[in-house]
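Taken together, the values in this text are just the output of simple stated rules run on the coordinates, not laboratory data. Quick caveat: nothing in here was measured; it's all calculated off a predicted structure. Glycine also receives a Cβ, built like all others from the backbone with ideal geometry; neighbour counts cover every protein chain displayed.
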Amino acid sequence: MLDNTVIFGMDRLNRRAACFCELHAGGPLTEELVHVLPASMTVLEILENLEPTPDLIAACRKLKALGFRLALDDFTFKPKWGPLVELAD
């Protein structure tokens with residue numbers, strides 16, 4: 001998705017609708033790779049197999065401050081997910 005967005009532009013790929021991007025590993029979040037996506041058009045899906053580590057939570061807070069929306073994918077509540085529940089849209 002990141003490659004296609006850079007090459008074609010997200011507005012051409014999704015006709016200006018919100019794009020849901022599943023993040024299968026913490027790297028795209030914690031390494032700020034998703035910053036190439038337009039925040040106003042992107043919902044970042046935090047998958048259930050990710051661990052809500054302090055680094056992941058901090059990265060999500062930064063992304064929220066930049067205007068990204070967050071979704072919890074296939075989510076079942078556990079107390080350790082509390083900080084991300086507060087950030088989720």
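Full extension of the segment from residue 47 to residue 76, taken as 0.36 nm per residue of separation minus the current Cα-Cα distance, would add 9.4 nm. At q = 0.17, 0.18, 0.24, 0.30 Å⁻¹, what base-10 log of I(q)/I(0) does the Debye formula yield for the stretch 33-89 when every alpha carbon is treated as an equal point scatterer in vacuo? With one equal scatterer per Cα and no solvent, log10 I(q)/I(0) is -0.50, -0.56, -0.98, -1.42. Taking other residues whose beta carbon is less than 12 angstrom from the beta carbon of residue 73, and scoring Lys, Arg as +1 and Asp, Glu as -1, yields -4.
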